[in-house]
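Heads up: the structure comes next, in structure tokens.
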């Protein structure tokens with residue numbers, strides 16, 4: 001497909017009714033949830049862009065696969081069908097299914113991370129960051145400086161800063177760095193891709209220091225499609241070929257299959273090291289279940305096996321990235337600033353620029369998320385000081401992220417162009433009254449992953 005915004009490469013066979021509840025009911029729902037959109041009822045949402053994780057529409061082939069699910073406790077046919085797909089696409093020696101990506105991260109951290117150890121990455125997302133911290137480790141974000149400039153159009157703003165990584169590895173060494181990571185695409189930084197050139201340089205640095213290299217592969221297919229589009233020498237390669245080249249650089253990967261495998265539940269942990277895999281299996285049995293089901297039903301394993309291939313389809317990926325580009329253009333044409341260039345799975349609105357009068361500690365991105373629901377019944381998610389503000393254990397000072405973003409994550413194969421037009425119109429209305437909107441303060445906030453359960457009140 002060559003269209004700027006390719007049409008959906010599918011027909012819609014089943015629909016689900018959605019309703020816009022009246023403004024007074026929306027206001028009541030906000031107050032009851034402590035102004036935290038995570039704590040609100042899905043039935044009160046008109047358009048739900050909270051996340052693209054597990055919220056997409058499965059295909060007729062996936063639903064057919066579900067009916068073939070083998071629910072045997074051990075050695076199910078479903079597991080072996082998934083095993084064929086995982087080995088074909090990723091190429092690692094061993095894999096373990098998990099109920100979702102954070103479970104894979106938890107098991108990996110349990111096996112490798114000890115107190116006061118460091119885990120570098122381009123930018124850890126929330127669950128990865130929390131799983132490292134929960135083991136007493138210290139996540140380190142070493143993304144290129146361009147990632148922090150919302151207007152910079154660098155084609156691979158997810159890239160690791162090679163100079164920073166070299167210095168970091170030299171400072172702490174193998175004894176204090178149990179593994180190194182990189183996330184593709186870079187979710188915390190706007191869904192921005194990582195180039196193959198950068199991946200190779202990162203792999204070389206880790207391996208020269210005998211540091212195991214793991215890829216957070218939640219949106220690997222979108223990243224591979226960006227490489228095909230933007231990186232010289234890859235335009236004629238298939239997305240699957242690019243994926244093979246990417247994963248051949250790593251010692252393992254974690255994956256939330258709820259993204260690019262287009263399933264409602266599931267994750268993967270892949271490794272090459274035999275001894276590490278034995279430990280992984282022990283942790284898996286303790287936390288998730290037997291190694292051939294890993295916290296999932298057989299039907300889930302079969303849906304994942306099909307979805308892994310569907311997520312690599314290039315007509316689908318062209319449409320998928322076209323959706324986000326379309327929404328970003330509608331917003332930009334209306335004068336609403338978004339992180340540039342547009343990422344793969346969502347549009348990241350620059351809330352800090354819309355609300356320059358709201359400081360970090362009054363949560364401007366949370367304020368925009370609340371206002372978007374108030375205006376149009378639309379749920380997005382804050383990617384800012386609520387999610388990533390943290391207390392430095394050495395200085396006892398609060399560190400805030402450089403960007404305050406509202407992520408509008410687009411579920412796969414779910415919403416149409418007219419839905420996106422409505423989102424853009426709602427944000428345009430908010431922009432006209434931006435100066436009148438105020439920030440929020442906590443009334444409750446846990447230490448880790450506070451954005452999921454924190455409660456707020458308006459200032």
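Compute the distance in nm between two label points, each set 7 Å from the Cα along the Cα-to-Cβ direction, one at residue 64 and one at residue 14.
It is 1.5 nm.
Under 14 Å from a point placed 7 Å out from the Cα of residue 287 along the Cα-to-Cβ direction: which residues of the range 237-275 have their backbone N that close?
Within reach of a label on residue 287, which here means backbone N under 14 Å from a point 7 Å along Cα→Cβ, the range 237-275 contributes 254-256, 267-270.
What ranking, highest mean first, results for peptides 319-332, 372-385 when packing means the other Cβ atoms within 10 Å averaged over each residue?
Top to bottom by mean Cβ count within 10 Å: 372-385, 319-332.
Can you put 416, 436, 185 in order, fewest other beta carbons within 10 Å first?
Going from least to most buried by this count: 436, 416, 185.
Using helices alone, what [θ] at 222 nm do you get for the chain, with -39,500 (n - 2.57) per DSSP H run of 4 or more residues, divided over all residues and rounded to the nearest 500?
-12500 deg cm²/dmol
Is the shape of the range 302-367 rounded, prolate or oblate, going by the alpha carbon gyration tensor and its root eigenvalues a ≥ b ≥ c, with a/c under 1.5 for rounded and a/b larger than b/c for prolate?
oblate
Give, in nm to one decimal, the length gained when the segment between residue 455 and residue 315 is fully stretched (0.36 nm per residue of separation minus the Cα-Cα distance).
46.2 nm
Roughly how many whole Å is it from the C-alpha centroid of the range 305-319 to that of the range 325-403?
Between the Cα centre of the range 305-319 and that of the range 325-403, the gap is 29 Å.
What whole-number distance in Å separates the alpha-carbon centres of the range 160-188 and the range 1-32?
Centre-to-centre (Cα) distance: 39 Å.
Name the shape class, rounded, prolate or oblate, that the alpha-carbon gyration tensor gives for the range 60-310, where a ≥ b ≥ c are the square roots of its eigenvalues, rounded holds for a/c under 1.5, and otherwise prolate holds if a/b is larger than b/c and oblate otherwise.
The shape class here is oblate.
For 270, 390, 111, what ranking results if the residue with the fewest other Cβ atoms within 10 Å of its Cβ goes first?
Placing the least packed residue first, the sequence is 390, 111, 270.
From the list (1) 21.2, 60; (2) 38.8, 140; (3) 21.7, 72, can you say which value of Rg and Dmax of the Cα atoms in Å was derived from the structure given?
Checking each listed value against the structure points to (1).
Neighbour counts of other C-beta atoms within 10 Å: give me 312, 249 arranged from fewest to most.
249, 312
Could you tell me the center-to-center distance, by alpha carbons, between the range 66-85 and the range 208-256 in angstrom?
Using only Cα atoms to place each centre, the spacing works out to 26 Å.
Antiparallel as a % of all DSSP beta bridges within the chain, to the nearest 5?
So the antiparallel bridges amount to about 70 percent of the total.
Counting only DSSP beta bridges with both residues in the range 60-310, what percent are antiparallel, rounded to the nearest 5?
Counting only bridges with both partners in the range 60-310, antiparallel ones make up about 50 percent.
Is the range 6-144 best put as rounded, prolate or oblate by its Cα gyration tensor, with a ≥ b ≥ c the root eigenvalues, rounded for a/c under 1.5, and otherwise prolate when a/b is larger than b/c, oblate when not?
Oblate is the answer for the range 6-144, as a/c is 1.5 or above yet b/c matches or exceeds a/b.
Here, each number is a calculation from the coordinates, and none is a lab measurement. Given the structure is predicted, the values throughout are model-derived calculations rather than measurements. All Cβ positions, even for glycine, are placed from backbone atoms using ideal geometry, and neighbour counts span all protein chains on display.
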